[in-house]
Amino acid sequence: MHFLEIIKNLSLVQWAFYFLSILTLYGALGTILSKNPIHSVIYLVVTFFSISGIYIMLNAQFLAAVNVIVYAGAIMVLFLFVLMFLNLKEESTEMKTSPMLIAAVSTGLLLGLILIATIRKAEITRVNYNDFDPNTGLIETLGMVLYKNYMLPFELVSVLFLVAMSGAILLGKREKGESHF
Amino acid sequence: MFESSIDRIPDVFMKVPLVNFVLLATMLFVIGIVGVLIRKNAIIIFMSIELMLNAVNMLLIAFSSYKSDPNGQIFVFFIMAVAAAEVAVGLAIIVMIFRNIKTIDISILNKLRG
């Protein structure tokens, strides 16, 4: 009864938060548990979209848009492309054997328990009402900070992309005498 | 007239405490770790790493929004850029492995074991 009272008193924002959280965790669990890798990719796209929803709730519109474009758009298409390219016929890549499975799951749960126990002890400050700025996540503020204080890292990222691109091309190039598939 | 500062703050910062976001990110991170440990398919292990990266991103954005400090969100922007580069190179490596040994099952990739 007490639990029902709590559920009845949730406000719209809290409903949105819990809905998005459950969707995120559902997508994450589907990613690691589904047998077919294609289904994993679809579940991961669901997770990324709900994470973008959470970013919008947190007033970070710019990063929500970037998350959709970069993760759900580019990275997941790359994953899907490689999966279809490899065309894994036999579904041999299942879970590990059960002793290892139990060990892995208990390791993960133990880590989660430790983290949650630590977080319960931590003292998390509340929102500071005096100098709260609702425009923090907007593109105007972020652009000013990015091009004023983080100019050099921003330029270095382009060098990183250049190196990554040439590295990917070099790795993907077929060497002489290698078998075709 | 100036509005009172309470009115300027969006609803979510008043009604959902920061610790909820921290717990959600923790659960997402743990799911990612379990995924890395239980799966054998190299591509799904990659996806689990993406999940962990997203958990960290969400944590940084939550802290940066509650503290109204844009530096955290800039950091998330750079993390996304590095993740994109990492995925491109990693998938190229996976394709090359598949081309050489015709599988991406990591239990067969144990040649480096001493």
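Okay, here's what the table says:
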| item | result |
| --- | --- |
| Residues located in region A:17-31, provided they are β-branched (Val, Ile, Thr) and within 13 Å of the chain's Cα centre (by Cα) | A:THR24, A:THR31 |
| Long-range neighbours under 7 Å by Cβ, at least six apart or interchain, first residue at the interface with another protein chain (Cβ under 8 Å from one of its Cβ atoms) within region A:128-143, second of a type in the set (Phe, Trp, Tyr) | A:GLY137/A:PHE62; A:LEU142/A:PHE62 |
| The one condition in (1) at the interface with chain A (Cβ under 7 Å from one of its Cβ atoms); (2) closer than 24 Å to A:SER166 by Cα; (3) modelled with pLDDT of 90 or more that B:ILE49 fails to fulfil | (1) |
| Criterion violated by A:ILE22 - all others in (1) at the interface with chain B (Cβ under 7 Å from one of its Cβ atoms); (2) at pLDDT 90 or above satisfied | (1) |
| Verdict on B:PHE63 being crowded, with 22+ Cβ neighbours inside 10 Å, under 17 Å from the mean Cα position of the chain (by Cα) and touching a residue at least 24 places away in the same chain (Cβ under 8 Å) | no |
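The values are calculated or read from the model by the stated rules, or taken from the named source; none is laboratory data. What you see is a predicted model; the values in this text were computed from it and never measured. As a convention, Cβ positions derive from the backbone with ideal geometry for all residues, glycine included, and neighbour counts pool all protein chains shown.
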